[in-house]
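First comes the structure, then the notes that go with it.
The values are calculated or read from the model by the stated rules, or taken from the named source; none is laboratory data. It should be emphasised that the depicted structure is a prediction, and the values quoted were computed from it without experimental measurement. Please note: Cβ atoms are built from the backbone with ideal geometry, for glycine as well, and neighbour counts cover all protein chains shown. Accessible surface is based on the protein model in full, side chains and every heavy atom, while ligands, DNA and RNA are left aside. Shrake-Rupley method; radii C 1.70, N 1.55, O 1.52, S 1.80 Å.
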Amino acid sequence: LRNGAHAFSRDGISWTWSPSVAYTTQVAWAGGGSTHFARRERPALLLDPTWRVPLALFTAVSNGTRQWLHAQPISQAGPGE
């Protein structure tokens, strides 16, 4: 089982697993440091008002005992910006 795995299909019948994951169980904090969660699941996107650009990724995270809703901003800067 790959956390954050992503599959895609052109016809809805034949599916291909992406070679990379959409997200991992590692969360980096804005103030520095990071946390490795036991689980990270149920992804959802917050889109801009015109439904064109994703602004944030929401996921449920768990340390094995407690669960939280985590919001992660999505940077729209291109490479080198």
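Based on protein heavy atoms only, the chain ends up with 80 Å² per residue of surface accessible to a 1.4 Å probe. State the percentage of accessible surface on the chain attributable to carbon and sulfur atoms; use a 1.4 Å probe and exclude ligands, DNA and RNA. Reported share for carbon and sulfur atoms: 58 percent. The gain in end-to-end length when the Arg52 to Trp17 segment is fully stretched comes to 10.1 nm, 0.36 nm per residue minus the alpha carbon separation.
Going 7 Å from the Cα of Gln67 in the Cα-to-Cβ direction, what parts of the range 35-58 have a backbone nitrogen less than 17 Å from that spot? Counting only backbone N, you get 37-44, 58.
Using a probe of 1.4 Å on the protein chains alone, the accessible area found for Leu57 is around 30 Å².
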